[in-house]
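Everything on this sheet refers to the single structure shown next.
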Amino acid sequence: MEVKVVNIKGEDTGKVVSLSDAVFGIEPNDHAIYLDVKQYLANQRQGTHSSKGRSQLSGSTRKLGKQKGSGGARPGDIKSGVRVGGGRMFGPTPRDYNFKLNKKVKQLARKSALSYKAANGLINVVEGLDFATPKTKDFVAFMTNLQIVDKKPLIILPVANKNVYLSARNLTNVNVLTVSELNTYSVLNAKTLVLSVETVDAIEQIFKA
């Protein structure tokens with residue numbers, strides 16, 4: 001698949017870049033995508049939720065009534081979960097939500113997500129993606145030139161670029177990642193992808209391995 005290359009002014013440079021079918025043109029595997037997104041979202045959870053059971057409360061252990069003869073249930077102490085102010089029964093406790101996912105499944109999921117974007121024409125390739133100084137105004141102008149202001153763009157860089165990152169930081173619905181940070185969730189969550197020419201080469205080197 002070939003995609004035309006534009007500059008940061010949105011002008012056609014007359015160049016094209018070929019996207020490898022082994023990375024951007026595979027048959028997407030929806031189950032691999034599901035697993036990778038599930039793991040990504042699970043890793044975002046802190047798992048610090050907690051509640052106190054009856055054994056963690058301070059209070060008398062005196063039995064509040066007779067065992068028999070009251071005509072009702074057998075009464076426990078004041079910390080019982082069925083009483084107001086008592087412990088919570090089966091409440092949440094701190095836990096780790098992380099789970100293991102094989103490297104090959106992750107790679108398949110990411111190639112599937114990239115293939116979905118490529119198949120729908122949602123990949124833009126830009127030459128000279130950089131700014132002299134961090135300036136949000138310049139980044140907005142760049143998105144306007146590419147006509148992606150309302151398309152929730154994901155900017156993927158080959159390596160970290162402080163000027164690009166700082167220029168986009170205050171904009172909502174704009175995400176900037178490096179190739180090493182690329183993940184299935186961010187690709188699918190974006191409505192369009194913006195890659196530099198170097199980014200395409202870096203992605204293909206990683207996912208062809």
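The values are calculated or read from the model by the stated rules, or taken from the named source; none is laboratory data. Because the structure is a prediction, the values reported are computed rather than measured. Cβ: placed from backbone, ideal geometry, glycine included. Neighbour counts: every protein chain shown.
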- Query: Can you name every residue in the stretch 69-121 that is within 16 Å of Phe207 (Cα to Cα), surrounded by fewer than 14 Cβ atoms within 10 Å (Cβ to Cβ) and either in contact (Cβ under 8 Å) with a residue 12 or more places away in the chain or of a type in the set (S, T, N, Q) (or both)?
  - Reply: Asn102
- Message: assigned by TED's automatic domain parsing to the domain that holds Gly128, out of contact with any Pro (no Cβ under 6 Å at 6 or more places or on another chain), among the aliphatic types (A, V, I, L, M) and free of Cβ contacts under 8 Å to residues at least 60 places away in the same chain: is that true of Val6 in this structure?
- Response: no
- Within the stretch 187-199, identify whether any single residue is of a type in the set (D, E, K, R), part of a loop (DSSP other than H, G, I, E, B) and out of contact with any Pro (no Cβ under 8 Å at 6 or more places or on another chain), and answer yes or no. no
- Task: Select from the stretch 158-179 the residues that are more than 14 Å from the chain's Cα centre (by Cα) and exposed (fewer than 15 other Cβ atoms within 10 Å of the Cβ) and write down the one among them that is nearest to Lys208 (Cα to Cα).
- Result: Val159
- Could we say that Val149 is of a type in the set (A, V, I, L, M), outside any helix (DSSP H, G or I) and free of Cβ contacts under 8 Å to residues at least 12 places away in the same chain here? yes
- Determine which member of the set Val37, Val3 is buried (at least 16 other Cβ atoms within 10 Å of the Cβ) and either touching a Ser or Thr at 6+ places or on another chain (Cβ under 6 Å) or among the aromatic types (Phe, Trp, Tyr) (or both). Val37
- Task: From the list Gly128, Gly76, Gly72, pick out the single residue that is modelled with pLDDT under 90, of a type in the set (Gly, Ala, Ser) and assigned by TED's automatic domain parsing to the domain that holds Gly14.
- Result: Gly128
- Would you confirm whether any residue within the stretch 58-67 is at negative phi, assigned to a helix (DSSP H, G or I), without any contact (Cβ under 8 Å) to a residue 60 or more places away in the chain and of a type outside the set (Gly, Ala, Ser)? no
- Of everything in the stretch 193-209 that's surrounded by fewer than 19 Cβ atoms within 10 Å (Cβ to Cβ) and β-branched (Val, Ile, Thr), which residue is nearest to the chain's Cα centre (by Cα)? Ile206
